[in-house]
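Visitor: Below you'll find the structure I mean.
The values are calculated or read from the model by the stated rules, or taken from the named source; none is laboratory data. Computed from a predicted structure; not experimentally measured. Cβ coordinates were reconstructed from backbone atoms using ideal geometry, including for glycine residues, and neighbour counts include every protein chain displayed.
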Amino acid sequence: MTAALTARVASAQRIDSIPPWKAEVRTIAVDERLAADAGLRVGDLVVLAAEPGNASGDTVRISAILQRRADPSEVARSEYRIRTHLGQLQELIGYGDRVDRYAIQTTGGVAADSALRRINALSFGFHAYPSREIAVETSKTFLVVSRFHRAIGMITIVASATFLLCIMLLKVDERRRDVAAMRLMGISRATVVRTVMLESSFVALLGSLFGVALGFAVSAFVNAHYQAVYRTPLRFAIITAGTVTYSVLLSLVLGIGAGALAARRLSRTPPLTLFGR
């Protein structure tokens, strides 16, 4: 059985050899952030002590370097982590046969419910919770942030859609002379409307593809920057297939709708009026 130990509880001091009075040493695993900052490698000998600078601690050997988890709750924490055997942890912190919390793995279903009932019936002073409830409680902050980001996204979409409609209407209105020339040449209103709608849908498609490419580029930059700052594998910006599909469809619908509206208005206007006469 192993337990996690933060660097605020104990210190790790590197040594070059095993003390003569100790025939063999136990092993620990250290966090990759601690290994990078302290220059530790697998096989190095270190001394674990309850207080920094105490050389009479427990001499151990580093057997593994742990990779940081992609956990949002650990992003802002600058602490180091050391994973030791449970006996080592008890000796180090002098906590005795007591624990603040522990986890029990079950096969799920009926076994998990039965284990909860038996544990809660043992004694007063503690309570057992299923892991899903703990996950919900610890994720409430991130749910609020997610809803806040969703609200900002909806406001941004509405504002950008209005701006896109205005730009498309202005661009189509600038082609009034071309529409007038097409009408004077005998081209029907329906053909004019379909032509303008085809051009507007093509422009909307190109714009959506450019936006998707820009989104992927910005997402890659954000992830690379903040993963280096916080030294975590957590991805801070994610572009999903649903997001891409929604953005492309929204762009096409708005582009075609704006083009159809402007083209219908221009096609109903007399050609000489479009020429300004």
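Visitor: Going through ARG77, ARG68 one at a time, which residue ends up being at pLDDT 75 or above and either part of a loop (DSSP other than H, G, I, E, B) or of a type in the set (A, V, I, L, M, F, W, C) (or both)?
Guide: Result: ARG68 is the single residue among ARG77, ARG68 that is at pLDDT 75 or above and either part of a loop (DSSP other than H, G, I, E, B) or of a type in the set (A, V, I, L, M, F, W, C) (or both).
Visitor: One residue is enough: does region 193-200 have a residue meeting the conditions touching a residue at least 40 places away in the same chain (Cβ under 8 Å), closer than 30 Å to PHE236 by Cα and of a type in the set (Ser, Thr, Tyr)?
Guide: No, region 193-200 contains no residue that is touching a residue at least 40 places away in the same chain (Cβ under 8 Å), closer than 30 Å to PHE236 by Cα and of a type in the set (Ser, Thr, Tyr).
Visitor: Would you point out the residue of region 116-125, among those that are part of a helix (DSSP H, G or I) and not hydrophobic (A, V, I, L, M, F, W, C), that is farthest from LEU86 (Cα to Cα)?
Guide: Once the filter is applied, the top-ranked residue is ARG117.
Visitor: Filter region 17-45 down to residues that are β-branched (Val, Ile, Thr) and at pLDDT 85 or above and give me whichever is surrounded by the most Cβ atoms within 10 Å (Cβ to Cβ).
Guide: The residue in question is VAL30.
Visitor: For a quick check of your reading: which helices (runs of 4 or more DSSP H) sit entirely within region 167-277 and have at least 1 residues that are under 30 Å from LEU34 (Cβ atoms)?
Guide: Because the criterion is at least 1 residues that are under 30 Å from LEU34 (Cβ atoms), the helices (runs of 4 or more DSSP H) in region 167-277 that meet it are 189-230.
Visitor: Given TYR226, TYR230, which one is over 17 Å from LEU164 (Cβ atoms), surrounded by 15 or more Cβ atoms within 10 Å (Cβ to Cβ) and without any contact (Cβ under 8 Å) to a residue 12 or more places away in the chain?
Guide: Criteria check complete, one pass: TYR226.
Visitor: Is there a residue in region 102-115 that is touching a residue at least 12 places away in the same chain (Cβ under 8 Å), in a helix (DSSP H, G or I) and not hydrophobic (A, V, I, L, M, F, W, C)? Explain how you work it out, then say what you get.
Guide: Initially, region 102-115 is screened for residues touching a residue at least 12 places away in the same chain (Cβ under 8 Å), giving 103-104, 112, 115.
From what's left, in a helix (DSSP H, G or I): 112, 115.
Okay, now just the ones that are also not hydrophobic (A, V, I, L, M, F, W, C), so none.
No, region 102-115 contains no residue that is touching a residue at least 12 places away in the same chain (Cβ under 8 Å), in a helix (DSSP H, G or I) and not hydrophobic (A, V, I, L, M, F, W, C).
Visitor: In region 80-139, what residues are in contact with a Leu (Cβ under 6 Å, 6 or more places away or on another chain) and more than 28 Å from ALA29 (Cα to Cα)?
Guide: Listed by number, the list holds a single entry, ALA128.
Visitor: Now a separate question. For THR106, state whether it is polar (S, T, N, Q) and exposed (fewer than 12 other Cβ atoms within 10 Å of the Cβ).
Guide: So THR106 does not fit the description; no.
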